[in-house]
Amino acid sequence: MTDISEVGEEEFENAVEMMMEKDRFKDCLDYIETKIDQHVVLNNTYLFDTKLNCLYELDRKMDAFMEAKAYRADYRPLTHTVCVALGNGYLEEADYIEAYFYFRQFPSKQSVILSRLATELEKQTKRKLCEEKYEECLDYINKIDQDVVFSNVEIFDCKLKCLMKLDQKKKAIKEAQAYLGSGGVLSYFSCEILGSSYASKGNYDEACKHYLQAMKLCPTREEKTRYRSLLNSMEKNEERRKVREEDKRVARIDPSFLKGEIKRDDKKFTMSSKKKKKDGMCVKESR
């Protein structure tokens with residue numbers, strides 16, 4: 001094994017580069033493994049990347065994966081080659097969360113695989129939700145890159161549904177509000193949670209806004225009918241609330257309103273004693 005004190009790293013790199021240019025992958029790998037101190041290899045990103053590339057070219061992808069895992073265990077810097085080796089290895093093990101993490105380090109070069117992985121993460125999340133494994137599903141979602149969760153409506157919906165099933169309504173509302181604040185595209189389920197929250201606080205306008213959006217987005221006719229009925233009921237309740245508020249306002253102005261001397265008639269106030277309106281003037285009723 002050549003001593004680093006006798007030969008500089010640049011000479012190692014030149015020797016390795018010449019072999020790679022001639023596609024002498026086996027010779028190059030042997031040289032890296034037997035002629036260079038492995039401490040030097042691990043601390044030289046070019047040499048280590050070349051070692052992984054040689055393993056790939058020799059169809060030893062799992063060996064490359066194990067080498068990359070050992071390299072990463074010491075928190076050494078990630079290169080594109082290392083991330084590809086780790087991403088492919090975790091993908092082979094169906095660990096889509098870890099695979100996504102490493103491929104995402106260089107997103108411009110991995111857009112296709114990232115899209116595929118996001119779909120796989122969505123499938124895994126839905127499967128756990130359908131199996132009613134709510135805690136497991138929530139733990140799984142929390143391990144996913146949060147950019148994926150916030151950009152994937154289906155995954156985010158699963159998160160909210162798990163929180164609701166686990167009696168964590170307040171947290172679900174906060175999550176939905178944060179999601180909306182970040183510019184996320186709300187699903188009908190998110191809209192329902194926010195609508196319900198605003199309705200419970202008496203914020204009629206915001207509740208209606210979210211329920212209307214939920215009605216537009218909901219997938220079934222039955223759901224649309226339910227939202228329509230809910231909105232109609234809310235509208236009637238709001239009208240009653242406004243009437244009560246008006247009554248209180250008038251009572252503060254004229255206390256006689258509380259004694260029944262004034263009654264409401266079609267949103268106008270008329271005297272209920274022995275007087276009637278006639279020709280635009282109040283006159284005593286003739287006996």
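One table, with the values for the structure above:
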read-out: Furthest towards positive pole of dipole, 177, 40, 199, structure part the chain, Cβ charges; value: 199
read-out: Dipole magnitude of the stretch 38-81 about its Cα centre (Cβ charges: Lys, Arg +1; Asp, Glu -1), debye to nearest 20; value: 120
read-out: DSSP loop GluC sites (Glu not before Pro) with at most 16 other Cβ within 10 Å: longest gap in the chain; value: 133-260
read-out: Of 242, 171, 126, the one that fluctuates the most in a GNM where the chain has Cα springs shorter than 10 Å; value: 242
read-out: Residue with peak Gaussian network fluctuation, the chain [Cα springs, cutoff 10 Å], from 162, 28, 83; value: 28
read-out: Evaluated over the chain, the Cα radius of gyration and Dmax, each in Å; value: 34.7, 129
read-out: Most mobile of 16, 40, 250 in a GNM of the chain (Cα contacts under 10 Å); value: 250
read-out: 5 angstrom amide H check on residue 36, placed H, neighbours 5+ away; value: 2
read-out: Gap separating the Cα centres of the stretch 177-224 and the stretch 98-165, nearest whole Å; value: 22
read-out: Cα-centred dipole magnitude for the stretch 109-203, charges only on beta-carbon of K, R (+1) and D, E (-1), debye, nearest 20; value: 120
read-out: Theoretical ellipticity at 222 nm over the chain - DSSP helices of four or more residues, -39500 (n - 2.57) apiece, nearest 500; value: -22000 deg cm²/dmol
read-out: Student exercise, the chain dipole from Lys, Arg, Asp, Glu Cβ charges, in Debye to nearest 20; value: 4900
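Every number here is computed from the coordinates shown, using simple stated rules; none is lab data. Since this is a predicted model, take the numbers as computed values, not measurements. Every residue, glycine as well, gets a Cβ built from its backbone with ideal geometry; the counts of neighbours run over all protein chains shown.
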